[in-house]
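Contents: one structure, followed by commentary.
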Amino acid sequence: MCTVGLSWAQSQTASGTAAATIRGVVLDRADGAAIADVSVRRQEERDAVTTDAGGRFELSNVPPGRHTLYVSIVGFILVKRTVEVTANQVVDLTILLSEGTGTYSEELTVSAERFRETEPAVPAQQRVGSADIQNLRNLLTNDPMRAVQVLPGVTTGDDFKSEFAVRGSGFIRTAITFDGVSTDFLLHSTRQVEDGGSVAMMNGDILDSVTLLSGAYPQRHGNRLGAELDVRVREGSRDRLQTRVNVSGTDASVVAEGPLGRVKGGSWLVSARKSYLELLLKQIRDEGDNFGFGFSDIQSKLSYDVAPAHRIDVTVVAGRSRLDQEPAPNEVNEIADGRNSSQLVTWHGAMHRRRRSR
């Protein structure tokens with residue numbers, strides 16, 4: 001949405017033509033807060049201006065005509081805004097940024113979630129968006145659970161494990177939902193091993209949000225007395241094909257996404273991840289201590305518009321982990337070869353309405 005005003009300032013371009021001015025404010029789409037240090041530039045220019053503490057910017061000496069603005073900052077989706085100005089005109093813009101990666105194509109989707117993202121009756125609810133997941137997760141591991149561990153009321157007793165306790169209630173009592181479907185064990189780990197570790201079977205690069213309900217909340221899934229952790233996978237890009245590679249201290253991953261068909265009536269998203277943790281353990285372990293742990297996983301989401309107001313989403317998660325160690329001859333009841341695998345397939349339909357903004 002933009003508001004156009006007129007100004008009689010007589011600024012001139014290099015060619016002598018009366019120039020225009022483009023100014024505005026950049027806000028967070030989630031809560032309407034101003035965003036500082038956002039880069040704003042015209043497609044024709046290399047130099048960019050940045051927003052101030054109030055999210056405001058101004059581009060002066062803009063020649064009359066049609067211009068494309070690039071608005072970007074780390075952790076938010078790139079916005080391309082096309083503006084047409086005339087001589088001596090002052091254009092005021094309000095630009096909204098959304099968390100995530102990719103390119104914003106000026107297309108708005110209004111959809112109904114199966115469950116409301118906010119629960120009015122819940123006294124304590126904390127939501128971590130995709131940008132915060134990238135900033136808060138551990139630098140050594142691509143593990144979104146590490147972002148949850150820094151939230152108020154959450155504690156963990158082991159830096160090598162993804163499990164956590166909420167207000168003194170253990171991880172086994174925490175309900176975990178993946179795209180609204182309850183699941184028991186989406187962790188790379190080997191059970192009944194005390195000195196092991198664990199990593200979430202979820203690539204943080206494809207998540208839209210993680211919501212922790214740490215207080216009293218509606219028991220939709222049951223069989224849990226503790227908190228509820230709701231993990232949501234984002235939809236793939238409907239604008240263009242994109243591929244990204246990420247390397248952390250323990251694993252490497254690739255994420256590919258793009259639109260479905262020529263009419264872009266849907267999107268697809270695929271993520272694959274492979275660890276090289278066992279190679280690091282070989283370098284740092286003591287001589288004679290034969291211990292190895294590795295994992296691999298894949299996540300995929302397919303979204304398709306079966307009708308103008310109806311969409312189907314299919315999400316697939318699968319992963320395997322392995323533990324290899326050589327117990328001492330005098331040790332009993334020790335695991336020498338451990339394997340763990342999990343698979344989850346979910347699908348649901350949603351009502352939505354899609355419209356293009358000009």
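Each reported figure results from applying straightforward, stated rules to the coordinates on display, with no laboratory input. Nothing here was measured: the structure is a model prediction, and the numbers come from that model. Virtual Cβ from ideal backbone geometry, glycine too; neighbours counted across all protein chains shown.
Extension gain, Arg127 to Asn246: 0.36 nm times the residue separation minus the Cα-Cα distance gives 40.4 nm.
Among His310, His188, the order by Cβ neighbours within 10 angstrom, fewest to most, reads His310, His188. A cut-off of 5 Å between modelled amide H atoms, ignoring neighbours fewer than 5 places along the same chain, links Ile176 with Thr183, Leu229. Neighbour counts of C-beta atoms inside 10 Å place Asp184, Asp230 in the sequence Asp184, Asp230, starting with the fewest. Could you tell me the calculated FRET efficiency between Ile312 and Thr82, based on Cβ-Cβ distance and R0 = 25 angstrom, to the nearest 0.05? For Ile312 and Thr82, the calculated efficiency is 0.20.
Ranked for footprinting exposure by Cβ neighbours inside 10 Å, fewest first, Arg238, Arg41, Arg46 give Arg46, Arg41, Arg238. For Ser60 and Ala272, what does the FRET efficiency come to when R0 = 41 Å and r is the distance between their Cβ atoms, rounded to the nearest 0.05? Using R0 = 41 Å, I get an efficiency of 0.30.
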